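The values are calculated or read from the model by the stated rules, or taken from the named source; none is laboratory data. Since we're looking at a predicted model, the values are computed, not measured. Cβ placement follows ideal geometry from the backbone for every residue including glycine, while neighbour counts extend to all protein chains displayed.
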Amino acid sequence: MDAVVRRGLVIGLLAGVANVHVSLVGLLISLQTRQLVAGIVTLGSALPLLIALLAGYLAGRYRSAHGEPAPGGRILLAGALAGLVSGGIAALLVVFITQVNVSWIFVNASARLVSGLHFDQDMLVGSVILVVASTLAGLLGAALHVLPRHIARALSIGLIVTLVFALMEPFLGAILRNLGMGAVDRFLFSGGGLTQVGAVIVLAASVAITWAWRTRGAAVTSRRLEAMKPDQRRTAKLVAYAAIAVLLLLLPQIVGQRLSEVLTVVGIYVLLGLGLNIVVGFAGLLDLGYVAFYAVGAYTTAVLTSPSSPLFSPELSFWAALPFVIIAAALIGLMVGTPVLRLRGDYLAIVTLGFGEIARIIFLSEWAKPVVGGAQGILSIPAPLPFERDPQSIYYPILIFCVIAALGAVSLANSRVGRAWNAMREDESVAEATGVSTVKYKLLAFGLGAAFGCLSGALFAAKIGTIFPNSFDILVSINALALIILGGMGNIFGVVLGAAVLVGLPELLREFSEYRLLIYGAVLVVMMILRPEGLLPSRTRRAELHEREDEEEQFDDEAGVDTARPLVST
Amino acid sequence: MTDSTHATTPEPVTPHAHTHGSAGAPAGDVILSARNVTMRFGGLIANRDVNFDIPRGGIVSLIGPNGAGKTTFFNQLTGMLIPTSGDIAFQGQSIVGMAPNEIVALGIGRTFQNIRLFGNMTVLNNVMVGRHVRLKAGWWASLLKLPHVRREEAETRQRARELLDLVGLKRNYEDDWAKNLPYGDQRRLELARALASDPKLLLLDEPTAGMNPGETARMTALIKRLRDELNLTVLLIEHDMKVVMGISERITVLDHGELLAEGRPEEIRSNPAVIEAYLGKGAASA
């Protein structure tokens, strides 16, 4: 059997196992409650197809030992096989659970699961649809490798956008109604998903726009930008910035209360990500205990501002406490940074992991209880006046700090300091032999990272009003690290996007929160396979991880249509 | 056999250089002097009692068979290793125990035997990092992009481009990744990075290794030109005897970690001890 076909079968088997898994843990049933396209397919029913699509795509990524792709026909065959096997296993699962009663072990192996997998059709028709649709999905996934690049890109972006639109129905609908466009809402959305017409429109529009941009728009735009005089270009830039600023300022009003709440959470994680990005992305120091800084910031704010702080309660305002938060940040940064100066790579990661846990355990301990309240935490932390503890209001201080942090990070990245960090990340001993004081720049990275982390913690405390030690567990560190990896290490916009995807989406999809970690894990695994440099990588990361594909990308660069290159690179 | 003017007058070649001048040459003549430098790694002695002076403005070669301890010696001069005993003085100031970056700041720049560029940084940024020690922008000023920082950045960029020109790297390479440059250009880039710190003493570890004869000739000419135009002192480790004999004013030979001989090229060429170290016993008399 040839290698391409074998790859298709193996990946199909794996996808089949994934199908069985999501079916039996109940994710599929739970997604059944949401329509993807009204009257045609629910999210739950679409799940096996999405898995088949991904399987087909992965199967088609075959490279021979010489790095050559397989001929187009073989790729399509492999993709179709992967889809077929994946759908076939799902169909067998249905046969199995209808014949053998396993619901006493797997409570989800129910009639609802069967109807979900069968698109609400009867046994025979249902399995045929499932298998055929899976095969087609696999074929489509593989076809993305065979089609010309820009068409494949447009198709995949179109599919993703459509899916996101359907998922976001409650919020997009609310936004449209807020803006007085109820008619558009009714036209596009229905019953928790897109209408049939809506789905077609969204898909067609996103494909067409992406296609036009990839083939012409980007090139034309950059040519026009180049043709402009410097002062014209500056004006264009200013207009763009002003538009973004206005949008950011009006965002809470546009999106409403519920979504503003999500925005504040995202903002806090953006700040956290920007700080960790300095430590990990710029300076290359893998810090797994970043939550320590977050916790210190939150507790410093709480103790200094809350009237119910147990021992010491100066009841400062949020803003008066801020300088002390920064001082605390600098101290904790040095405290963590100094002992680990001589550690590299894995060792550094393990030690910082320890620091993160130490922080949480100290705040939880009996020993520190008189000051920080132990497990009861600290209550009634005031909001940062003049802003109220209302998502639409507290959004603004968070926005301000995020903007300041982002601008600061960008200017640092493109300065003497950023170069020194980069050099250190590349090769520590050579950096030192070239004149970079690694001691100084490591401490600086930890110090600034701590400052951002502490600010983020301070805002968290002020936003939420009550803090407990258990808000500061290792998941915060992992989230922060995952979001910069997902977004694209070293890139500011990557951090924002990563926070939106990893923190924002789960907040929006609370109804499926049981499966949050499952989805989270799957997303990270798939990302690391498909796009290890993250969604919006810095040029550096991209270069590191794609040595082989360099030539391909350079070709794209020359055409001036490389959308993957971020606006700000480090 | 002790002498005070070895930098300028020819002296008899000494098979055992311990005797070779520790009683100070005039400080103005010697830019770097090593006294009884010994480096031990556990039981292994990489350098034993090496005494070594580099005359200011000279081009001096350090040669010797593989494993003679040449690179180890280099690493001690740049602070990457700290000698087990002995002293190294640069312009009269002891540099033993200083961090590598402090030594760079004093004015010693180096390149590496196996090219060690910052591969995932652009060509221009590699050179700009090299300039790091001469820049003043602190983190606070960089964060705020204060006017003097912008000015300094612009000047640094300008200077880096000049250095790229000087070492003969094409302008259109400057935004490429350092790791994507052809081999010979990577060597040039490493040289530009070292020059960016305005060194007084430049240490080159096999600058022509892996180059073809044409590239080698150009590199040799470049080194000479750099010395003359930038008032440098150059110490190089080199295996290519043609290069060594063609470029060096003085040659020092290390063997098994010890100083074997020191002298002008023609003296070294005819020194029986050196020939024996390179070619084995009997070769000198043959």
Filter region B:156-206 for residues that are in contact with a helix residue (DSSP H, G or I) (Cβ under 8 Å, 6 or more places away or on another chain) and of a type in the set (F, W, Y) and give the result. B:Y173, B:W177
Write out, first by first residue and then by second, each pair whose Cβ atoms fall under 7 Å of each other, whose residues are 6+ apart or on separate chains, and whose first residue, in region A:25-50, is assigned to a loop (DSSP other than H, G, I, E, B) while the second is among the polar types (S, T, N, Q). A:G26/A:N108; A:R34/A:T42; A:A38/A:S190; A:A38/A:T195; A:A38/A:Q196; A:G39/A:Q196; A:I40/A:Q196
Applying the selection to region B:115-148, what residues are in contact (Cβ under 8 Å) with a residue 60 or more places away in the chain and of a type in the set (G, A, S)? B:G119, B:G130
For A:E428, only one of the following conditions fails: (1) within 12 Å of chain B (Cβ to nearest Cβ); (2) touching an Asp or Glu at 6+ places or on another chain (Cβ under 9 Å). What is its number? (2)
Restricted to region B:101-118 and to residues being in contact with a strand residue (DSSP E or B) (Cβ under 9 Å, 6 or more places away or on another chain) and part of a helix (DSSP H, G or I), the residue nearest to the other protein chains (Cβ to nearest Cβ) is B:V104
Condition first: over 15 Å from B:L254 (Cα atoms), within 14 Å of another protein chain (Cβ to nearest Cβ) and either touching a residue at least 60 places away in the same chain (Cβ under 8 Å) or among the aliphatic types (A, V, I, L, M) (or both). Can you find one or more residues in region B:55-78 that meet it? yes
Yes or no: region A:42-56 includes at least one residue that is of a type in the set (V, I, T) and within 27 Å of the chain's Cα centre (by Cα). yes
Give the residues of region B:165-181 that are more than 11 Å from chain A (Cβ to nearest Cβ) and either buried (at least 19 other Cβ atoms within 10 Å of the Cβ) or not basic (K, R) (or both), sorted by residue number. B:D165, B:L166, B:V167, B:G168, B:L169, B:N172, B:Y173, B:E174, B:L181
All positions within region A:151-176 that are within 20 Å of A:R216 (Cα to Cα) and either hydroxyl-bearing (S, T, Y) or modelled with pLDDT under 85 (or both): A:S156
Which residue is farthest from the chain's Cα centre (by Cα), if the candidates are limited to region A:439-481 and must be among the basic types (K, R) and either within 30 Å of A:M424 (Cα to Cα) or at pLDDT 95 or above (or both)? A:K440
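Yes/no matrix, rows are residues, columns are (1) surrounded by 13 or more Cβ atoms within 10 Å (Cβ to Cβ); (2) not aromatic (F, W, Y):
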| position | (1), (2) |
| --- | --- |
| A:W104 | no, no |
| A:A111 | no, yes |
| A:V114 | yes, yes |
| A:H118 | yes, yes |
| A:S127 | yes, yes |
| A:L130 | yes, yes |
| A:G141 | yes, yes |
| A:L144 | yes, yes |
Across region A:184-214, the tally of residues that are among the aliphatic types (A, V, I, L, M) and under 24 Å from A:T33 (Cα atoms) stands at 9
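Identify, from the list A:F446, A:F468, the residue that is in contact with a Gly (Cβ under 6 Å, 6 or more places away or on another chain), within 14 Å of chain B (Cβ to nearest Cβ), farther than 12 Å from A:L272 by Cβ and of a type in the set (F, W, Y).
When all the criteria are applied, what remains is A:F446.
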In region A:395-411, what residues are over 16 Å from A:A245 (Cβ atoms) and surrounded by fewer than 20 Cβ atoms within 10 Å (Cβ to Cβ)? A:S411
Look at region B:182-199 and say how many of its residues are crowded, with 17+ Cβ neighbours inside 10 Å and without any contact (Cβ under 8 Å) to a residue 60 or more places away in the chain. 3
When (1) assigned to a helix (DSSP H, G or I); (2) acidic (D, E); (3) within 20 Å of the chain's Cα centre (by Cα) are applied to A:D287, the one that fails is (1)
Give the residue that is surrounded by the fewest Cβ atoms within 10 Å (Cβ to Cβ), with candidates limited to residues of region A:299-329 that are without any contact (Cβ under 8 Å) to a residue 24 or more places away in the chain and part of a helix (DSSP H, G or I). A:P323
Taking region B:139-179, which residues are part of a helix (DSSP H, G or I), touching a Gly at 6+ places or on another chain (Cβ under 9 Å) and closer than 20 Å to B:E190 by Cα? B:A160, B:L163, B:A178, B:K179
Counting only residues that are more than 27 Å from B:L169 (Cα to Cα) and loosely packed, with under 14 Cβ neighbours inside 10 Å, which one in region B:137-151 is nearest to the other protein chains (Cβ to nearest Cβ)? B:L144
Scanning region A:394-435 for residues that are of a type in the set (V, I, T) and either within 25 Å of B:R116 (Cβ to Cβ) or in contact with a Cys (Cβ under 7 Å, 6 or more places away or on another chain) (or both) gives A:V417, A:V430, A:T434
Among what's in region B:100-155 and is aromatic (F, W, Y) and touching a helix residue (DSSP H, G or I) at 6+ places or on another chain (Cβ under 8 Å), pick the residue that is modelled with the lowest pLDDT. B:W139
Assuming B:R134 fulfils every condition listed in (1) buried (at least 17 other Cβ atoms within 10 Å of the Cβ); (2) within 9 Å of another protein chain (Cβ to nearest Cβ); (3) under 21 Å from the mean Cα position of the chain (by Cα) apart from one, which condition is it? (1)
For region A:153-252, which fully contained helices (runs of 4 or more DSSP H) count at least 3 residues that are surrounded by 18 or more Cβ atoms within 10 Å (Cβ to Cβ)? A:169-178, A:196-212
Residue in region B:119-129 that is farthest from the other protein chains (Cβ to nearest Cβ), counting only those that are among the hydrophobic types (A, V, I, L, M, F, W, C) and within 19 Å of the chain's Cα centre (by Cα): B:V127
Can you confirm whether region B:154-164 contains a residue that is within 9 Å of chain A (Cβ to nearest Cβ) and closer than 19 Å to A:A420 by Cβ? yes
Of all residues in region A:514-546, which are assigned to a helix (DSSP H, G or I) and either modelled with pLDDT under 80 or touching a strand residue (DSSP E or B) at 6+ places or on another chain (Cβ under 9 Å) (or both)? A:R539, A:T540, A:R541, A:R542, A:A543, A:E544, A:L545
Which of the residues spanning region A:409-425 are assigned to a helix (DSSP H, G or I) and free of Cβ contacts under 8 Å to residues at least 40 places away in the same chain? A:S411, A:R416, A:V417, A:R419, A:A420, A:A423
Quick check: anything in region B:228-245 basic (K, R) and modelled with pLDDT under 90? yes
